[in-house]
Amino acid sequence: MPELPEVETTRSGLESLLHDHPVIKKVRLMRGDIRFKIPKNLPKQLEGQKIVGVRRRAKYLLFDTANGILLNHLGMTGSWRMVEPGDEDKHDHCYIELENGKRLAFRDPRRFGVIDLIQPGGEAKHKLLKNLGVEPLDETAWTSDYLFQRSRKRKVAIKVFIMNQVVVVGIGNIYASEALYRAQVKPQKLASKVTREECERIVKSSREILQHAIKAGGSSIRDYKQASGESGGFQLLHKVYDRENQECPVCLSKIRAKVLGGRSTYWCPICQK
Ligand SMILES: [Zn+2]
């Protein structure tokens, strides 16, 4: 499953491929649905429109035009690439032909991806976007104050809390373990008991971990390809994740593991309080 860093890497790849803001000549849908139905009017509404930019909200990509937004989720195995004639694939579900002669393809073998159309002005009310929490890379939104206020009275493990997409988006399972290790906070500590200083460290470390992964080109999956067709980098070094019984890089204690909120969780029993 592509995590936020992979999606951000895809976004910046797409933005450089589309830097000249090309006009959409034709949208060709190869099937009527992927994970959900694709609106039938999507091609008609976007054809003739200039792609003015590609944004990311949580793990959704938003292709902006003046007449609506194409919303995309990569699902498990989705990827975008510029496709040359003869390089089509049976898993290409959507082609966007551009007036500059290039052609963008969305490929998704396992079909958990999403393509939808958002009407102009409809972004805040869209069913997939309206309940999303703050962006972890946004320094004015993901702050220690915000985390501290939101977590009071919450009798849930802090790791489960920061993975809740209504609170903050895009801190996936690997990143949550790594961020709490870096913040020296035990994953199973109750959110309500986390101090202001710990909130500060959690916010800072989660942002740093994600930024580091974005720099590395994303970290966690096999099928993922960057928008340019290059393979993404997988070199994020996990300090605790998937390292049960191995040494903590700081204190050399054995890393521990347990299932928390249904997800594998790793921590150092000495460094994290
Ligand atoms: Zn340690």
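The values are calculated or read from the model by the stated rules, or taken from the named source; none is laboratory data. Only a predicted model underlies this, so the values are computations on that prediction, with no experimental measurement involved. With ideal geometry, Cβ positions are generated from the backbone for all residues, glycine too; neighbour counts draw on all protein chains shown.
Taking the options LEU42, LEU71, name whichever one is modelled with pLDDT of 95 or more and within 16 Å of the chain's Cα centre (by Cα). Outline the logic, then answer.
Working: LEU42 fails: within 16 Å of the chain's Cα centre (by Cα).
Every option except LEU71 fails the conditions.
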- Task: Please state which of the following conditions TYR60 fails to meet, knowing it meets all the rest: (1) in contact with a Lys or Arg (Cβ under 6 Å, 6 or more places away or on another chain); (2) buried (at least 20 other Cβ atoms within 10 Å of the Cβ).
- Result: (1)
- Task: Starting from the range 244-268, take each residue that is more than 11 Å from GLN188 (Cα to Cα) and within 11 Å of the ligand (Cβ to nearest atom) and list its partners that are among the polar types (S, T, N, Q) and assigned to a loop (DSSP other than H, G, I, E, B), counting only C-beta distances under 8 angstrom and pairs at least six apart or across chains.
- Result: GLU247/SER253; LYS254/ASN245; LYS254/GLN246; ILE255/ASN245; ILE255/GLN246; CYS268/SER253
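Can you pull out every residue in the range 31-49 that is surrounded by 15 or more Cβ atoms within 10 Å (Cβ to Cβ) and not polar (S, T, N, Q)?
The initial filter retains those residues of the range 31-49 that are surrounded by 15 or more Cβ atoms within 10 Å (Cβ to Cβ), namely 34-35, 38-39, 42-43, 45-47, 49.
Correct list: ILE34, ARG35, ILE38, PRO39, LEU42, PRO43, LEU46, GLU47.
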- Query: Pairs, please: C-beta under 7 Å, at least 6 apart or cross-chain, first residue surrounded by 12 or more Cβ atoms within 10 Å (Cβ to Cβ) and in the range 119-130, second of a type in the set (Phe, Trp, Tyr)?
  - Reply: LEU128/TYR60; LEU129/TYR60
- May I ask you to list pairs of residues, at least six apart or on different chains, whose Cβ atoms are under 7 Å apart, with the first in the range 171-200 being modelled with pLDDT of 95 or more and among the acidic types (Asp, Glu) and the second being in a helix (DSSP H, G or I) and surrounded by fewer than 20 Cβ atoms within 10 Å (Cβ to Cβ)? GLU200/SER144
